[in-house]
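Encoded as structure tokens, the structure appears first; notes follow it.
Only the coordinates and a few stated rules stand behind these numbers; no lab work does. What you see is a predicted model, and the numbers here were worked out from it, not measured in a lab. Here Cβ is always computed from backbone atoms with ideal geometry, including for glycine, and neighbour counts include all displayed protein chains.
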Amino acid sequence: MSTSLATGQIFANRYEVVRCIGSGGMGAVYEVIHLETERRRALKVMHAHFVDSADFRERFKREARVAAQIDSDYIVDVFDAGVDDATRMPFLVMELLRGEELARMLKRVVRLAPNDVVTCLFQTSLALDRTHKASIVHRDLKPENIFLCERDDGPPQIKVLDFGIAKFATSVKGTSQATTSVGTPLYMAPEQFQPGADVTPAADIYALGLLAYTLLVGTDFWHEELSRDENVFAFALIAMKGPIEAPSARAMRVAGVPLSPAFDAWFRKATAVAPSARFATASEAVRELSNALRVNLPPPRLTTASLHGVGPEMFAPDSARISRTTPAGSAATMELRVPMASRRRWVLGASTASLVVAIAIGTLALRSAGTGSVGRAAAVAEPVPPAPVAAPPRPVAEAIAPAVDLEAKPETATSARPSAASAPKARSKSPKAVTSPKPPKSIYSRD
């Protein structure tokens, strides 16, 4: 049985093979065209020598199920799956991605800037949070399984690939699924080397820690140990003890890349030998990583959910919102922060209108007082000063000031900042990463 597919070959009666994109240990990926829709897709087929293996066929099915169950912008979509009648090859049909794997990118750029590392791993963490919530552990996170997609409407976006060896964390401990040691040794958690050990989402948190080091330094943390002896069993004895050397010391020694003590502390928790000592979730780990590297998390993307409830009523006064009972920090509360500038402009307009009405009333009162002859004579002899206009209530005056600041130019807003004694301490701007003479250029830059 032939392992490769020929260009122009019709596969599964509905896909025309265009070219081979790549080949891995378990299968190959081809660019294909759906005959009916003429859409280009990625076809993943199992190598012929694995076709008779029930375990590998189950992995293919598992990958399709994971993609179907988890709806995430950061996980590759699977549209079709089955077994080809002619070749007996199990296959998956996925979205055709434009871009490259992080592993291939690292061969070109060597290492990434800290802000790019945080952005890549933050998007990865959002995918992991979804899978972990569904009790699914990826178990093989590595640069080869993180794809940096090109997009027409913005910066690149991460897609997590290859859930073929993903494990359902709810499986019974002691089964063949739980005890089989699968994954890439360089990124496997200590428990993955131990027969019979339960593999939980904490294994993916451990891999995130090693990924962060690889992306920042440009080489795997365990590169020296695995290069010294390619025997995976000998390496397993070392990796099961967890990283001992501080990442900052190792990074400086092997690559001349400085890392901060804050990163050492973060790395130590992410790669703790005990799974319970690691970060609770993937997104929490990356949030703490952003603090350790002193860079900001990427802003949230605009989604349909984030626009829920935003309409003409967003410009209504605060009294119209009092009936909303949303707990602090909830999604609805976060949405109400968006129209603050418009609301302050409304307050400014209302207070200005009140001032105009007050002046008009005062003018009408003066005119009505001078309708009689005596009143007119008195007005000519000694003009009566107009009644003073009452100042607007102080709460309204305080609400006006922020609206004026929002419309001001940057230099004006800077000059109007409160004094250092009264103002809360702002988070310091991200300093430039202390790296080699040629710091890595941001992969998200369009310059």
Exercise. Starting at the first residue of segment 109-117, write each ³J(HN,Hα) from the Karplus equation 6.51 cos²θ - 1.76 cosθ + 1.60 with θ = phi - 60°, in whole Hz, x for Gly and Pro.
Key: 9, 6, 8, 10, 5, x, 5, 5, 4
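Ranked highest first by the average count of other Cβ atoms within 10 Å around their residues, in what order do 123-136, 236-249 fall?
Details: 123-136: 20.6, 236-249: 15.1.
Descending mean neighbour count gives 123-136, 236-249.
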Quiz prompt | 13 Å beta-carbon shell around L35, net charge (K/R +1, D/E -1) | solution = 0
Quiz prompt | Listed peptides 72-85, 47-60 by packing density, highest first (mean Cβ within 10 Å) | solution = 72-85, 47-60
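Relative contact order for segment 99-293: what percent, with Cα pairs under 8 Å and sequence separation of 6 or more? Before the final figure, lay out each step's value.
Working: 300 pairs, mean separation 45.0, N = 195.
The normalised contact order for segment 99-293 reaches 23 percent.
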Practice problem: Two decimals is fine: what is log10 I(q)/I(0) at q = 0.22, 0.24, 0.29, 0.30 Å⁻¹ for segment 23-78, from a Debye sum with one equal scatterer on every Cα and no solvent? | Solution: -1.00, -1.07, -1.12, -1.13
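Once you've got the Cα coordinates, tell me which of K44/K269; K142/K269; K61/K133; K142/K241 are over 30 Å apart. Walk me through the numbers before you get to the answer.
On the way: K44/K269 37 Å; K142/K269 19 Å; K61/K133 20 Å; K142/K241 20 Å.
Distance filter (> 30 Å) returns K44/K269.
Which value results for Rg/Rh of segment 16-170 when Rg is the Cα radius of gyration and Rh the Kirkwood radius based on the inverse mean 1/r?
Expressed as Rg/Rh, it is 0.96.
Cα gyration tensor of segment 203-272, axes a ≥ b ≥ c as square roots of the eigenvalues: rounded (a/c below 1.5), prolate (a/b > b/c) or oblate?
Numbers: a/c = 1.93, a/b = 1.30, b/c = 1.48.
Oblate, because a/c is 1.5 or more while a/b does not exceed b/c.
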Quiz prompt | Residues whose placed amide H lies under 5 Å from that of F11, excluding near-sequence neighbours | solution = E16, V17
